[in-house]
Amino acid sequence: MSGILGMAHDAGMFTVHQTIGSVLCCKCGIRMQPNAANMCVKCLRSEVDITEGLLKRLVLVHCPECESYLQPPRTWVKLQLESKELLTFCLKKLQKNMNINKVKLVNAEFIWTEPHSKRVKVKVSVQKEVYHGAILEQSYLVEYVQQDHLCESCAKVAANPDQWVAAVQLRQHVSHRRTFYYLEQLILRHGAAARAVRIKQMDHGIDFYFSNRSHGNKFVEFIGKVAPVKSRSDKQLVSHDSKSNNYNYKYTFSVEISPICREDLICLPPKAAAILGNIGPIVVCTKVTNSIALLDPLTLKFGFLDAEQYWRTSFKSLLTSRQLVEYIVLDIEPVSSEITVGGMKYVLADAQVARVSDFGSNDTQFTIRTHLGHLLKPGDHALGYDLYGANTNDMELDRYKGYIPEVVLIKKSYEEKRQKKRGKARPWKLKSLNMEVDDKIKVDEDKRDAEYEHFLKDLEENPELRFNISLYQNNDYQPSEVGSVTDVDDGEEIPSVPFEELVSGLEELGLDDNANGEDSMAE
């Protein structure tokens, strides 16, 4: 019809404008658009209350320790305040009552209350058919009262903090804790330790305590999917009821992580080299997941060792990242095109390098082959292993004397450029586990801070490391300092974390630093 009127108007014909009729309200007499009840909205609401009989006050059983809510009969669900999940949980309690009263839920939203008020208020909008098909919509307030009650697991912990059923002892026998910093972020990202009743930092590892054996088993399975491990389990009898024939045990899972870490230099034993197609013998570990990725820096041959293959040969690193030496690149010339190996790009190149520490004392230079031809240029600094002056006691290395390179470069160094930014806050944060420290171990604060700083730099330089972890926006970061995604020095970008990779809304999720009982944040 509107199309015909439009054509008539275009043709210059006379058209009659359509008007909407109005009637008088049968109660108050004001003009209104006609409806089935012939009453205005105010009069209709005064005559009919569609919220009559609907629940307006309910009780939520809440565990104050783990921030979970009871879903009858015995299920506890962990929910954050003012989250979509909590809103759904609250509305489910109203659904049966709404169906009985034949009202339709239209909208629902939280009304802000003080966190300590023990009240959750929800504004609910409903519709119902009244008086000959007229649809009336009305909003009302539902108040949920939080009744604190410890869940079963928290009650056990409160009664006896040492009451655990399964303990997972995670260990790695290396001289640093960088692997555990990365594992901590993976555990937090996937919520693998959400059911742990206690977490304790130990020498060379972490202990996780669970109130159920199945939770410990599940955690061991998770660690096996993200790291090359070997594990064994044991049990100890706690009590025995001879009448009912019930046995209570405590279970212990011992999990050892491979000592091979990313950026380690390895001299492969013949058995391991044969498994990998006779690469090496000098190889670099480029990645560690549930398998170990190894690269021959002289030929770009690549291979993987899974956990079973590694523990069958069980070799150790020749040199680790703590023994890296800084070099300066004097000259470099690519000898191959760019090759993608194991998802990473490399270019073979011949380079002349010298130790930074030798400047001013001698003119020792090394002509080497490196896999970093796509990153390095003359004047750059790089970190590598000094096999020329290294004092190693490796029987495998002695077999290959004369075939071993004097220097193996591992990565480009940005330390000199980072000196200008030292002391400035990063625009991102990491979450950390709520972990207690064992009284028997001595914590070297300077060493721990240096290792953690090294880990943060690795995250900035390697996007692949950041893929499986969550980085959060740092609200303490000054807006005036926010310049660009990467900081540029002398025309060269210093690696940093792009802002689009950061997770926002940290406080809304209840994960801020000041939240009691929540995991803390570390810069």
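The values are calculated or read from the model by the stated rules, or taken from the named source; none is laboratory data. Remember, predicted model here, so these are calculated numbers, not experimental data. With ideal geometry, Cβ positions are generated from the backbone for all residues, glycine too; neighbour counts draw on all protein chains shown. Accessible surface is based on the protein model in full, side chains and every heavy atom, while ligands, DNA and RNA are left aside. Shrake-Rupley method; radii C 1.70, N 1.55, O 1.52, S 1.80 Å.
Some notes on this structure:
- Hits in region 210-235 - residues which are open to solvent by less than 30 Å² (accessible area, probe 1.4 Å) and among the aromatic types (F, W, Y): F210, F219
- Counted as qualifying within region 284-383 are the strands (runs of 3 or more DSSP E) with 2 or more residues that are farther than 28 Å from R418 by Cα, in contact with a strand residue (DSSP E or B) (Cβ under 7 Å, 6 or more places away or on another chain) and not assigned by the TED database to the domain that holds R177, namely 291-295, 302-306, 339-341.
- Meets criteria (under 22 Å from R177 (Cα atoms), open to solvent by 70 Å² or more (accessible area, probe 1.4 Å) and out of contact with any Gly (no Cβ under 8 Å at 6 or more places or on another chain)) for K316: yes
- Scan region 118-146 for residues that are small (G, A, S) and open to solvent by 40 Å² or more (accessible area, probe 1.4 Å) and the total you get is 1.
- Each residue in region 467-484 was checked for being modelled with pLDDT of 75 or more and open to solvent by less than 70 Å² (accessible area, probe 1.4 Å), and 6 pass.
- Contact map, region 225-249: first residue farther than 30 Å from T289 by Cβ and part of a strand (DSSP E or B), second residue basic (K, R) and open to solvent by 90 Å² or more (accessible area, probe 1.4 Å), Cβ cut-off under 7 Å, separation 6 or more or different chains; pairs are Y249/K235.
- Within region 420-433, the residues that satisfy the criterion of being modelled with pLDDT of 70 or more, surrounded by fewer than 16 Cβ atoms within 10 Å (Cβ to Cβ) and of a type outside the set (S, T, Y) are K424, A425.
- Consider region 250-260 and keep the residues that are in contact with a helix residue (DSSP H, G or I) (Cβ under 8 Å, 6 or more places away or on another chain) and either open to solvent by 10 Å² or more (accessible area, probe 1.4 Å) or in a helix (DSSP H, G or I) (or both). The one that is nearest to V408 (Cα to Cα) is F253.
- Whenever a residue of region 35-47 is in a loop (DSSP other than H, G, I, E, B), its partners that are of a type outside the set (A, V, I, L, M, F, W, C) and open to solvent by 90 Å² or more (accessible area, probe 1.4 Å), lying with C-beta atoms within less than 6 angstrom and at least six residues away or across chains, give the pairs A36/H132; A37/Y131; M39/K27.
- Search result, residues across region 174-191 that are in a loop (DSSP other than H, G, I, E, B) and in contact (Cβ under 8 Å) with a residue 12 or more places away in the chain: V174, S175, H176, R177
- Scanning region 180-214 for residues that are closer than 17 Å to K78 by Cβ, modelled with pLDDT of 90 or more and over 20 Å from the mean Cα position of the chain (by Cα) yields a single hit, F210.
- Qualifying residue in region 438-453 (condition: at pLDDT below 80, open to solvent by 60 Å² or more (accessible area, probe 1.4 Å) and under 19 Å from the mean Cα position of the chain (by Cα)): no
- Near pairs, Cβ below 6 angstrom, 6+ apart or cross-chain, from region 400-424 (in the same structural domain as L348 (by the TED database) and in a strand (DSSP E or B)) to any residue that is surrounded by 13 or more Cβ atoms within 10 Å (Cβ to Cβ) and modelled with pLDDT under 85: none
- Residue match in region 264-273 (condition: touching a residue at least 24 places away in the same chain (Cβ under 8 Å), of a type in the set (D, E, K, R) and part of a loop (DSSP other than H, G, I, E, B)): yes
- Residue match in region 55-66 (condition: within 22 Å of L94 (Cα to Cα), outside the structural domain of A194 (by the TED database), in a loop (DSSP other than H, G, I, E, B) and hydrophobic (A, V, I, L, M, F, W, C)): yes
- Restricting attention to region 267-289, the residues that are modelled with pLDDT under 90 and open to solvent by 40 Å² or more (accessible area, probe 1.4 Å) add up to 6.
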